[in-house]
Each structure stands twice: as C-alpha cells, then as structure tokens.
Amino acid sequence: MKIVIAKTAGFCMGVRRAVDMVLDASTRYQEPIFTYGPLIHNPQVLQMLEEKKIFRIERIPEKGSGIVLIRAHGVPPEDQTALKQAGFTVINATCPRVVRVQVIINRYAKKGYSTIIAGDKNHPEVIGLLGYAKGKGHTITSMEEFLLLPWFENAIVVAQTTQNMSFYDGIKTWCQTHAPHYRVFDTICGSTEKRQTEIRKLAEENDAVIVVGGKESGNTRRLAEIAAGTGKPSIHIEDAAEIDYETLSHAKSIALTAGASTPNWIITDTYRKVENNLQKRHAVKAALYLFRDFLLKTNIMASIGAASLTYACSRLQGNERDFRHALIAMLYVLSMQIMNNLFAIRSDRYNHPKRAHFYKENHVYLWILAVLSGGTGLYLSFLSGVVSFVLLLIMSFLGLSYNQKIIPIQVKKGKTARIKDIPGSKTILIVIAWGTVTCLLPAVVIHGNPFSVVVAFLFVTGLVFARTAFFDILAIQGDRITGKETLPILLGEKQSFNIIKYTLIFEIGLVFVSYSAGLLVNRAFFLAFIPFVMFLLIRFFEKDRLVSGGHREFIIEFLLIATGLLSAVI
Ligand code: SF4
C-alpha cells in the first residue's frame with residue numbers, strides 16, 4: 001500500500017500570508033482582533049484563533065472598535081470603507097493575486113466596461129470582485145449561464161482565482177471565436193492551476209483519491225470534483241475522522257491532496273490515520289508502525305538519541321566508554337520532553353492531535369515516568385559530583401520553565417513572559433540543553449582536552465540543531481497558530497532549510513579539520529558520515545513530500561542513534 005501526498009497540498013501563499021498577518025497582529029496589539037468572515041475553513045483552527053482573542057464578525061456593525069483583518073478573498077470596496085467608518089482599524093490581507101483581479105475590474109469598470117466573472121456567486125472572493133464592477137458585474141458558473149448573458153459592446157472576462165481551469169478554458173475559446181472584442185484575462189491563480197493539474201495526474205496514477213479541506217472551501221470542492229471526474233474512487237473530508245475506509249478498501253495506492261486553506265497538521269493526521277488503518281490488513285506492518293509511533297510519541301527515541309550522542313562525544317575525545325553520563329542524558333531528555341508535551345496538551349490538540357490524545361489518556365503514567373526519570377537523572381548526576389548535579393538542576397529548571405510564566409521578562413502591557421515567548425527560543429533551548437547534558441556535563445567530570453570538548457560540543461549541538469529545526473519546519477503552521485516561537489517561525493521555512501544545510505556542511509568540515517589537527521581520536525572521521533546522510537535526507541525531504549511526517553521523524557531520530565552505534569566501532 002502506498003499513499004502519495006500531493007506536493008501542492010495545503011496552504012497557498014495568500015492564505016499563509018493572511019494567517020501570518022492576523023497572528024502577527026495578535027502579538028502586536030492588545031485590542032480585540034476580528035476577521036471579517038472566517039479566516040480559513042477549518043473549525044478547529046477557528047476555535048484556536050478565538051482562544052487567542054481573534055474573533056470573527058460576519059456583518060459590519062454601526063459602531064465598533066479594535067482591529068479587523070480582511071482575509072485573503074478580499075471584500076467589496078464599500079465594505080472596507082464601512083469598516084473604517086464603524087471605527088475599526090483595518091488590516092487588508094487580501095491576497096495580491098486577488099488584488100490584481102480587483103484592479104483589472106476597477107480599471108475597466110471606470111471606462112464603462114461590463115464585467116463577467118466565471119465564479120461562484122456566493123463565494124466571498126466573487127462578492128468582493130463584483131464590488132469593483134460598478135454595478136455592471138455578472139457571474140456565471142457554467143457555459144449555459146454564460147450563453148444566456150446579454151451581448152455586451154464592451155466587456156471583460158475574468159475568473160475567480162480558484163476556478164476550474166477546463167471550464168474557464170471553454171469560456172476563453174468561445175470568446176475568441178464568437179466575441180473577440182471581449183477582453184479576457186487569465187486570472188486563475190498559478191497555485192490553483194498547479195493543484196488541479198497535479199490532482200488530475202495523481203488520480204490517473206493512483207487507485208483512489210482523498211481530498212482534505214473545508215466543505216465550504218471552493219478550491220477544495222473543485223479538487224474533489226476533478227478527482228471524482230476521473231472516475232477513480234474519491235472522498236472529500238474535512239478531517240481524518242470522516243474517512244470512509246470502505247471506499248478505499250480496494251486501493252493499492254492512494255493520492256492525498258488538500259485545499260489551499262488546509263493546515264499541514266490536518267494533512268499529516270489524515271495520512272497517519274489512513275496509513276494506520278490500511279496497515280491493519282498486514283498485522284506485522286501494523287505492529288511495526290504502532291511501535292514506531294509509540295517510540296516517537298513517548299520520546300523514547302529522542303532520549304536514546306541523547307544517550308547515543310553522549311556516548312559518541314566521549315568516544316570522539318578518546319575517553320573511556322561512558323555509560324553513566326549516557327544514562328543521565330537519556331533520563332534528562334526523556335523527562336523534559338514528556339513534561340513539556342504534558343504542559344502542551346492544549347495546544348497540541350490542534351498541532352499534533354494524536355499525540356495530545358495519547359498524553360491526555362495516559363497523563364498519570366507519563367507524569368510518573370517523567371518525574372522518575374528526571375529524579376533518577378539528578379541522583380546519578382549527584383553521584384558524579386556537585387558541579388554536575390548543579391548543572392543538571394539548572395538545565396532541568398530551564399527545561400521546565402519553557403512553558404511556565406516564571407521567567408521575569410516583561411513583555412508588552414506588563415505581562416510576564418515565558419521562555420516560549422522569546423523568538424526562536426524553542427529551537428535554541430533544546431540545542432543548549434542537549435549540548436550541555438551530552439557533552440559539557442561529562443566534561444566537568446572527565447577532564448579532557450578543552451579543544452576536543454569544544455569540537456565534540458559543536459558536533460553534537462550541530463546535529464541536534466539540524467534535527468530540531470527540521471522538526472520545527474514540519475510543525476511550522478501549527479506552532480505559529482499555537483504560539484510556539486521556533487526558529488523557522490522567526491526566519492521562515494526557506495531560510496531555516498538553508499541554515500540547517502550550512503550547519504551540516506560545517507559539521508562535516510569540523511570533523512575532518514579537527515581530526516587532521518589531532519583533536520579527535522583515530523577513525524573519528526567516520527562520524528562525518530552522519531551529518532552527510534542527514535544533509536542528503538533533509539535536502540530530499542525539502543523537495544519531496546512523498547515521505548510521511550512519521551517516517552521523516554523516525555529516520556532523523558534514528559540518525560542520532562546511529563551516531564552512537566557508529567562510535568562503538570571507532
Ligand atoms: S489560491 Fe491563489 S489567489 Fe487565492 S488566496 Fe491562494 S494564492 Fe491567493
């Protein structure tokens with residue numbers, strides 16, 4: 001069984017831009033923030049936005065205050081004026097590609113042209129576009145409706161940006177033959193074109209199609225129509241709970257796509273649910289996937305990775321095999337990761353629904369595991385010496401305070417900040433914490449060559465940075481909405497990918513230069529293999545979304561474990 005995720009699935013540029021703008025406004029302003037209509041067609045996200053004091057208005061009141069964001073679809077110009085007159089501060093997040101169509105209509109309407117819009121009459125974008133047509137706008141949803149329109153002396157023809165391409169192609173061809181004086185504009189968004197072309201191709205290549213996205217979302221509905229039109233079994237769902245597995249039961253390969261306003265984590269959740277359900281047909285595979293997910297959700301994988309890095313650090317410096325510190329690092333990471341996941345159950349409901357459910361169901365056992373592992377780690381570090389114990393205590397405090405309002409940093413309006421509120425903090429804190437427990441803590445006890453310690457520290461933190469920043473990129477949309485301050489949120493996805501790749505190239509160079517300078521043990525250069533493989537994988541994952549989030553996490557976590565395994569033979 002194969003599940004192929006469309007490369008074009010998920011947020012388009014315009015929706016991502018509008019979501020970013022409203023979230024930026026919510027951190028910048030204290031006043032209530034409203035969106036004029038739902039920002040995106042997703043009930044969970046809308047609920048999350050309300051929790052962040054981002055509300056929705058459907059009508060313009062006579063009087064109002066606060067900030068109103070005009071979403072990507074745009075509005076008629078008179079609505080924008082009415083919002084301002086009512087007393088709102090308006091942030092216009094209309095997608096630039098929709099603005100282009102508004103400008104075209106406005107320009108020709110001023111010259112007296114009629115406007116024909118190929119689009120859904122009730123769609124907000126079309127309602128907004130009609131507002132620019134100065135009362136001479138007409139909408140059509142089919143060729144029949146188009147042919148029923150009166151003959152115009154002067155007219156322009158435009159399409160809703162998410163219109164079905166083949167329908168609009170038919171209109172354009174008719175105009176060329178029968179009404180060459182009509183000015184026809186290509187206004188279907190490139191993102192829509194690519195999405196529709198891809199789903200046609202994927203539907204041909206696979207046995208069934210799943211389209212994820214709001215039932216109210218025009219572009220998602222069109223994807224569902226295109227998929228259904230190919231004759232392949234297809235389903236349109238808003239979230240994974242609606243999947244009809246009966247329809248998919250005979251499919252050997254399934255294509256998965258999503259509308260322009262579907263957040264990434266809903267796509268990932270759907271992928272995982274389909275994968276788990278279909279794997280049930282193969283007992284061994286199903287058990288393996290369950291086991292993989294268990295290791296990832298409980299952070300056992302991450303904690304074994306921390307132990308492996310500690311071991312690798314000691315081997316790189318030529319120290320004796322240090323299992324005690326490997327165990328301390330493992331217990332520390334296990335404890336901190338579980339506790340932070342427990343604190344984050346509420347926001348994880350949107351970002352990682354499956355993990356949130358797991359943590360909610362098993363919170364008692366997970367608390368016990370986290371406290372026991374944290375306590376045992378501290379006890380073992382105490383046996384290593386006071387400095388080691390104090391260092392681990394500080395790191396534990398820092399790790400726990402990530403989600404808590406106990407750091408006396410003042411943010412705007414006198415609120416106390418959490419470490420979480422500092423831009424980029426999540427990624428950086430994890431890197432510092434891991435670097436400390438895997439490399440510095442053992443170095444306090446085993447007094448080795450300080451230069452070798454620095455090299456080992458850079459090697460470990462580089463790998464942890466690449467791993468953490470990559471996971472943060474995978475979770476960027478949910479983290480942004482749930483308010484986590486990761487590096488990709490601060491720098492953007494592309495920049496973060498570049499930084500990860502440069503870091504890994506630096507790592508490879510670091511191993512070879514340090515080895516040549518005699519700072520690392522004989523055969524240490526073998527460890528350059530790990531950043532090299534990670535570089536290739538991350539480059540591949542950056543371009544290709546055919547591998548699921550679960551597989552990607554597992555592969556990257558496994559590379560940290562592989563560092564320890566490789567160290568055992570050097
Ligand atoms: S589909 Fe295209 S035009 Fe519409 S919001 Fe997205 S990027 Fe903009």
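Looking at segment 156-167, is at least one residue within 16 Å of the ligand (Cβ to nearest atom), more than 24 Å from Glu216 (Cα to Cα) and in contact (Cβ under 8 Å) with a residue 12 or more places away in the chain? No - not one qualifying residue is present in segment 156-167. If you go through segment 94-106 and keep only what is in contact with a strand residue (DSSP E or B) (Cβ under 9 Å, 6 or more places away or on another chain) and either in a helix (DSSP H, G or I) or without any contact (Cβ under 8 Å) to a residue 12 or more places away in the chain (or both), you end up with Val99, Val101, Ile104, Ile105. Scanning segment 231-245 for residues that are surrounded by fewer than 18 Cβ atoms within 10 Å (Cβ to Cβ) and farther than 22 Å from Val45 by Cα gives Gly231, Asp244, Tyr245. Filtered by the rule that a residue be more than 16 Å from the ligand (Cβ to nearest atom) and under 18 Å from Pro124 (Cβ atoms), segment 94-109 gives a lone residue, Asn106. For segment 110-150, the tally of residues that are away from the ligand (no atom under 16 Å from the Cβ) and farther than 19 Å from Gly37 by Cβ stands at 24. Listed by position, the helices (runs of 4 or more DSSP H) enclosed by segment 170-268 that each have at least 2 residues that are of a type outside the set (A, V, I, L, M, F, W, C), within 15 Å of the ligand (Cβ to nearest atom) and not assigned by TED's automatic domain parsing to the domain that holds Leu39 are 190-205, 218-229.
Tell me whether segment 515-527 contains one or more residues that are surrounded by 17 or more Cβ atoms within 10 Å (Cβ to Cβ), at pLDDT 90 or above and either in contact with an Asp or Glu (Cβ under 9 Å, 6 or more places away or on another chain) or part of a helix (DSSP H, G or I) (or both). Looking through segment 515-527, none of the residues is surrounded by 17 or more Cβ atoms within 10 Å (Cβ to Cβ), at pLDDT 90 or above and either in contact with an Asp or Glu (Cβ under 9 Å, 6 or more places away or on another chain) or part of a helix (DSSP H, G or I) (or both). Apart from one condition, Ser373 fits all of (1) touching a helix residue (DSSP H, G or I) at 6+ places or on another chain (Cβ under 7 Å); (2) at pLDDT below 95; the exception is (2). Of all residue pairs spaced 6 or more apart or on separate chains, none has beta-carbon atoms under 7 Å together with a first member in segment 275-292 that is loosely packed, with under 14 Cβ neighbours inside 10 Å and at pLDDT below 75 and a second member that is assigned to a helix (DSSP H, G or I) and not aliphatic (A, V, I, L, M). Selection of helices (runs of 4 or more DSSP H) fully inside segment 319-380 by the criterion of at least 3 residues being among the aliphatic types (A, V, I, L, M) returns 323-343.
The values are calculated or read from the model by the stated rules, or taken from the named source; none is laboratory data. Predicted, not measured: the structure shown is a model, and the values here were computed from it. Glycine also receives a Cβ, built like all others from the backbone with ideal geometry; neighbour counts cover every protein chain displayed.
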